[in-house]
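Worksheet: one structure, shown below.
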Amino acid sequence: MDITIQPSRLSGTIQAIPSKSQAHRLLICAAFADSPTILTCPDTNRDIEATADCLNALGAEIRRTENGYTVEPIHHIPQAAELNCCESGSTLRFMLPIVGALGVDATFLMEGRLPQRPLSPLWEEMERMGCTLSRPTDTTLRCQGKLKCGIYSISGGVSSQFITGLLYAASLLAGDSRIEIIGKLESEPYVIMTQRAMAQFGIDTTDYLVKGGQTFHSPGSVNVEGDWSNGAFWLAAQALGSDLTVSNLSPDSPQGDRAVVEHLRALERTTVIDATHTPDLVPILAVAAGAKMGATFINCARLRLKETDRLETTAAMINNLGGKAEIQGDILIVEGTGYRGGTVDATNDHRIAMSAAIAATVCTEPVTILKAHEVRKSYPAFWDDYRKLGGNYELYLR
């Protein structure tokens, strides 16, 4: 699906969709709880559904309702299972250590760029602690064996999702385990989100020590809070002159991407933004920077490991729209030139598609977005919401 947008500001009130990051975590906790749980999560997406489907493959009964999910926890662990992660990196990196802790002979199915996204050093650490991992085909991953209790040592510089996966795994093992993080921990707020989700179900992970024998106690019902990552697109449109009110975002959220508020303020002047803890914000912040005073984004190495090489695709998006962006190593430099319009290939990346749509609100000529359907990965209703807020576009089915 391709879309051509006629430039115009947006206006109205929009409610941020539920947090994909928190939904993954709460679904996993609920699947291992001692009784059923109701999750309030009015909107879903392909990534959340991938996690739900994987948990069902392990014996849970997760059903979609009008307002969220009902989760009947796992009662019997299968000896073998096939888990379809679709394109969700979170699902794969969370579920891989979990099946290792359970001792399930698991085959993971992967789509899109997911097979190319890094699993090292998680792979090596799981093998050191008792599992055997292999790649039967280019799009499958097999995990055999069972993890043991003990001290897990892993670099914090590749993905915080590895730490989340190991915390869940440690909670399912019979004895005590500790996660030792080597070096600087990237995206630390998302590990804190994991710890808070587990704490809601009674699991203590203070200092990354997880004692054996703890039980996930269902709180009965839990709410998935609003998503700062996707709310960031509307907040950026607001900062660029659209008359928008964005609701359902908690200022006390553990989500790292709530930093979008201070970053957007900083863009009122030429500034330097450190992407260490908020790499997912770079595409939309780069769009805002190009329409304002410009900015330099540092510590962007992990952008190369996303659905696309987001350093390259973000720079290409800005340049194709008539702005000016340059990559120097792992640094992205965006000049405050404003935008004309043009064509952007979303190239399998939901955040590029949505960022280009927000850029269109300040362009002088139409913007065409190729593969605009990629928003389904995190925000399937994005284009409906864009139109409700006054966005004017034509849709073309391939």
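Tabulated results
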read-out	value
The chain - mean residue ellipticity at 222 nm from DSSP helices (-39,500 (n - 2.57) per run, n ≥ 4, rounded to 500)	-9500 deg cm²/dmol
The chain: antiparallel DSSP beta bridges as a percent of all, rounded to 5	55 percent
Cα gyration tensor, the range 217-270 - rounded (a/c under 1.5), prolate or oblate	prolate
Summed residue charge, Cβ within 15 Å of residue 267's Cβ, Lys/Arg positive, Asp/Glu negative	-1
Anisotropy class of the range 20-223 from Cα gyration tensor, a/c 1.5 cut	rounded
Percent antiparallel among DSSP beta bridges (both partners in the range 20-223, rounded to 5)	55 percent
Label-point separation, residue 67 to residue 142 (7 Å along Cα→Cβ), nm	4.5 nm
Relative contact order computed over the range 285-398 (Cα-Cα under 8 Å; 6+ residues apart), in percent	23 percent
Pairwise centroid distance, computed over Cα atoms, of the range 319-350 with the range 59-121, Å	35 Å
Sequence of 166, 185, 172, 55 once ranked by neighbouring C-beta atoms within 10 Å, starting from the fewest	185, 172, 55, 166
Around residue 6: net Lys/Arg minus Asp/Glu count, Cβ-Cβ under 13 Å	0
Area projected by the alpha carbon convex hull of the range 1-122, averaged over all directions, nm²	10.2 nm²
Cβ-based net charge around residue 128, under 14 Å, with every Lys or Arg adding one and every Asp or Glu removing one	-2
Three-way shape label, the chain, alpha-carbon gyration tensor, a/c 1.5	prolate
Neighbour-count order for 203, 181, 192, 151, fewest beta carbons within 10 angstrom listed first	151, 192, 181, 203
Computed over the chain: relative contact order in percent, which uses C-alpha pairs under 8 Å that are six or more apart	21 percent
Cα centroid of the range 166-198 to Cα centroid of the range 280-312, whole Å	27 Å
Counting DSSP beta bridges with both ends in the range 321-394, the antiparallel % (nearest 5)	55 percent
Residue order, fewest to most surrounding Cβ atoms within 10 angstrom, among 277, 217	217, 277
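Read-outs throughout are calculated quantities, based only on the coordinates presented, and are distinct from any laboratory measurement. These numbers come from a predicted model, not from an experiment. Methodologically, a virtual Cβ is constructed for each residue, glycine included, from the backbone with ideal geometry; neighbour enumeration extends over all protein chains shown.
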